[in-house]
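S.K.: Dumping the structure here so I can ask a few things about it.
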């Protein structure tokens, strides 16, 4: 049994190698200095906050000298791409177009600079380490770009939210165009790092069932526990689901053959669920 489960886990690991970005290491500090989003709950009032599209690109912070990933790695970016970038920090997404995440990853993961970067722009949603509210911080970049125009840097449009109805309508409109979702932010909040209640992601997601066919061993603090469930969907697609599992489910995971329900945010070009998250045991299994 153990050999079979490790074999399945290994196959799943190989299937996901394409999602890893192989880059040079940066300082450990770079891994800790980015703003992270919490999930918006319908009970949270965001009237007067700023809405922007949540782009499905690759997160990157420009520190004034280098372009660094969320994981703290230095992108092997061509010098011409960052020519004219500001001498201060900005934060955003390396992006091409909606629904193009895998292609973007294939561009930025390469170890040497290449012409593929010409397909990307740097979409900015934050100017870190500056004083004032969000719009004041973004204005610093706007002022710089007015004096030093740069076609590769774009500032993501911010729209004032008039209330819950406006938020849902704006989300629906963007999702219909292929967007991943929305980000809503408190315009009065000062810049901060880590997960913040002043910066929320708003998404629509799908949910479906799949059958547990194996397990992926946990690593690090999850050593000795289940790291992820390996599941087969009704159409035969295999997927790995680790997010959403609590401590109890990691120590005593659903049995092989059990059906679970999970949520996901659209499909990749290969038909695999994007960002799958465990929701619950299938209702029939619970009963």
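S.K.: Counting only residues that are surrounded by 12 or more Cβ atoms within 10 Å (Cβ to Cβ) and at pLDDT below 90, give me the strands (runs of 3 or more DSSP E) lying completely in the range 237-285 with at least 2 of them.
M.R.: On the way: elements: 238-241, 259-264, 277-281.
By residue number, 259-264, 277-281.
S.K.: On to the next question. Please verify whether the range 160-170 includes one or more residues that are touching a strand residue (DSSP E or B) at 6+ places or on another chain (Cβ under 6 Å), surrounded by 15 or more Cβ atoms within 10 Å (Cβ to Cβ), at pLDDT 95 or above and part of a strand (DSSP E or B).
M.R.: no
S.K.: Hey, another quick one. Determine whether the range 217-237 contains at least one residue that is closer than 30 Å to residue 156 by Cα and outside the structural domain of residue 49 (by TED's automatic domain parsing). Explain how you work it out, then say what you get.
M.R.: As a first pass, look at the range 217-237 and keep what is closer than 30 Å to residue 156 by Cα: none.
No, that holds for no residue.
S.K.: Taking residue 135, is it surrounded by 15 or more Cβ atoms within 10 Å (Cβ to Cβ), modelled with pLDDT of 95 or more and in a helix (DSSP H, G or I)? Talk me through it step by step, then tell me what you get.
M.R.: Details: surrounded by 15 or more Cβ atoms within 10 Å (Cβ to Cβ): no; modelled with pLDDT of 95 or more: yes; in a helix (DSSP H, G or I): yes.
Taking the combined requirement at face value, the residue does not satisfy it.
S.K.: How many residues are in contact (Cβ under 8 Å) with a residue 24 or more places away in the chain and over 26 Å from the mean Cα position of the chain (by Cα) if we restrict to the range 254-287?
M.R.: 9
S.K.: Which one of these is assigned by TED's automatic domain parsing to the domain that holds residue 71 and modelled with pLDDT under 95: 142, 111, 157? Outline the logic, then answer.
M.R.: Working: 142 fails: modelled with pLDDT under 95; 157 fails: modelled with pLDDT under 95.
Going through 142, 111, 157 in turn, the sole match is 111.
S.K.: State yes or no: is residue 53 part of a strand (DSSP E or B), buried (at least 20 other Cβ atoms within 10 Å of the Cβ) and out of contact with any helix residue (DSSP H, G or I) (no Cβ under 8 Å at 6 or more places or on another chain)?
M.R.: Details: part of a strand (DSSP E or B): yes; buried (at least 20 other Cβ atoms within 10 Å of the Cβ): yes; out of contact with any helix residue (DSSP H, G or I) (no Cβ under 8 Å at 6 or more places or on another chain): no.
Here the answer is no, as residue 53 does not meet what is asked.
S.K.: Go through the range 171-186 and count every residue that is over 10 Å from residue 203 (Cα atoms) and in a helix (DSSP H, G or I). Outline the logic, then answer.
M.R.: From the range 171-186, those over 10 Å from residue 203 (Cα atoms) are 173-174, 176-178, 184-186; that's our starting set.
Remaining after also requiring in a helix (DSSP H, G or I): 173-174, 176.
Looking only at that region, the number is 3.
S.K.: While we're here: Looking at 18, 116, 72, can you tell me which residue is at pLDDT 95 or above, over 26 Å from residue 147 (Cβ atoms) and outside the structural domain of residue 271 (by TED's automatic domain parsing)? Reasoning before the result, please.
M.R.: Values: 18 fails: at pLDDT 95 or above; 72 fails: at pLDDT 95 or above.
Checking each option against the conditions leaves just 116.
S.K.: For the range 195-218, state whether one or more residues are touching a residue at least 60 places away in the same chain (Cβ under 8 Å), exposed (fewer than 14 other Cβ atoms within 10 Å of the Cβ) and more than 22 Å from residue 262 (Cβ to Cβ).
M.R.: Yes, because at least one residue in the range 195-218 is touching a residue at least 60 places away in the same chain (Cβ under 8 Å), exposed (fewer than 14 other Cβ atoms within 10 Å of the Cβ) and more than 22 Å from residue 262 (Cβ to Cβ).
S.K.: All but one of (1) touching a residue at least 24 places away in the same chain (Cβ under 8 Å); (2) surrounded by fewer than 20 Cβ atoms within 10 Å (Cβ to Cβ) hold for residue 153; state the number of the condition that does not hold.
M.R.: Residue 153 satisfies all of (1) touching a residue at least 24 places away in the same chain (Cβ under 8 Å); (2) surrounded by fewer than 20 Cβ atoms within 10 Å (Cβ to Cβ) except (2).
The values are calculated or read from the model by the stated rules, or taken from the named source; none is laboratory data. Please read these numbers as outputs of a predicted model, since none were measured by experiment. Positions of Cβ are generated from backbone atoms using ideal geometry, with glycine treated the same way; all protein chains shown enter the neighbour counts.
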